[in-house]
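**Student:** One structure, pasted below without further comment.
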Amino acid sequence: MKVAIHQPNYIPSFRYFYKISLVDCFIFLDDVKLSKGGFENRNKIIINGIPQWLTVPLTMANIKDCEYARDWKKRHKKTICYNYKSFPNFDLIYDIYCKSLEFRFSEMNIYFIKEVCKLLKFKTKFIRQSEFKTEGSKTDLLINILDKLEASYYVSNKAKYLEAEKFKIPIEYVNYKTDQPELSIIHDLMLH
């Protein structure tokens, strides 16, 4: 079984979904600390013709326990609506996005990701790390999860912290290249 593990990111890019498309099982790494400056709570969309960040303000905690630091939903909805309302698939994608906002932070991200995967007809199984007991950090945590799942392959982005020599199973690195700016998949889905 091919497995990938990743934090549940906010309105992720196409690259994130490409990684999901490569695996049988995708683990949401939701019981780890929110990384400052990461993509768990921010991503780029086109605003007035320029790629710009949309950031969800959060209290620092484990991803599954994060709380919103202030109100932001109305502004994000308005920004997406203003910049994408003329796109062909606006209604469908905007509805998924708005529905995701009804949930707490990690559940919001997971809901959005799973709904987009349904739309893309992915057959990937999803599991939250918080659903089972895991130990370790960085590479050791990933190996612990993969062992519990009896994974035969690990699909990963290249990461500085990843100690490949510790793995007992093959690592397949995601090889996704694009000339386009890295934007939320919202942009691509609304266009096509």
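Derivation of every value follows stated rules applied to the coordinates shown; laboratory data play no part. Just so it is clear, the structure is predicted and the values come from calculations on it, not from any experiment. Ideal geometry is used to build each Cβ from the backbone, glycine not excepted, and the neighbour counts take in all protein chains shown.
**Student:** Please work out how much length the chain gains when fully extended from Phe103 to Asp65, using 0.36 nm per residue of separation minus the C-alpha to C-alpha distance, in nm with one decimal.
**Tutor:** Result for the pair: 12.5 nm of gain on full extension.
**Student:** Let me ask another. Using a Gaussian network model on the chain with a 10 Å cutoff between Cα atoms, which of Asp95, Asp30, Asp140 fluctuates the most?
**Tutor:** The residue with the greatest mean-square fluctuation here is Asp95.
**Student:** Quick check: pseudo-label points 7 Å beyond the Cα along Cα→Cβ at Lys78 and Leu22, how many nm apart are they?
**Tutor:** 4.0
**Student:** With a sphere of radius 10 Å drawn around the Cβ of Asp30, what net charge do the other residues whose Cβ falls strictly inside it have (Lys, Arg +1; Asp, Glu -1)?
**Tutor:** That sum, taken over residues with Cβ under 10 Å, equals -3.
**Student:** Between [x] 16.7, 50; [y] 18.1, 56; [z] 22.4, 63, which matches Rg and Dmax of the Cα atoms in Å calculated for the structure shown?
**Tutor:** Given [x] 16.7, 50; [y] 18.1, 56; [z] 22.4, 63, the structure-derived one carries the label [x].
**Student:** Also, quick follow-up: Pick from Lys33, Lys78, Lys160: which residue has the top mean-square fluctuation in a GNM of the chain where Cα pairs under 10 Å get a spring?
**Tutor:** Lys160
**Student:** Once both labels are modelled 7 Å past Cα along the beta-carbon direction, what's the Ile46-Ser86 spacing in nm?
**Tutor:** 1.0
**Student:** Rank Ile110, Phe132, Thr55 by how far each Cα sits towards the positive end of the charge dipole of the chain (+1 on Lys, Arg Cβ; -1 on Asp, Glu Cβ) and give me just the farthest.
**Tutor:** Value: Thr55.
**Student:** Please work out how much length the chain gains when fully extended from Lys123 to Glu150, using 0.36 nm per residue of separation minus the C-alpha to C-alpha distance, in nm with one decimal.
**Tutor:** 7.8 nm
**Student:** With everything on Cα atoms, drop me the angle between helix 138-149 and the longest principal axis of the chain, reported from 0 to 90° to the nearest 10.
**Tutor:** Helix 138-149 and the main axis of the chain meet at about 80 degrees.
**Student:** Simple spin-label model, 7 Å along Cα-to-Cβ: Thr139 to Ala164 in nm?
**Tutor:** My value for the distance between the label points is 1.1 nm.
**Student:** Set the bar at 30 Å for Cα to Cα. Now go through Lys78/Lys158; Lys125/Lys168; Lys123/Lys177; Lys44/Lys64; Lys85/Lys125 and name every pair that lies beyond it.
**Tutor:** Lys78/Lys158; Lys85/Lys125
**Student:** Of the residues Ser156, Ser137, Ser13, which exhibits the maximal mean-square fluctuation in a Gaussian network model of the chain defined by a 10 Å Cα contact cut-off?
**Tutor:** Taking springs between Cα atoms under 10 Å, the residue moving most is Ser137.
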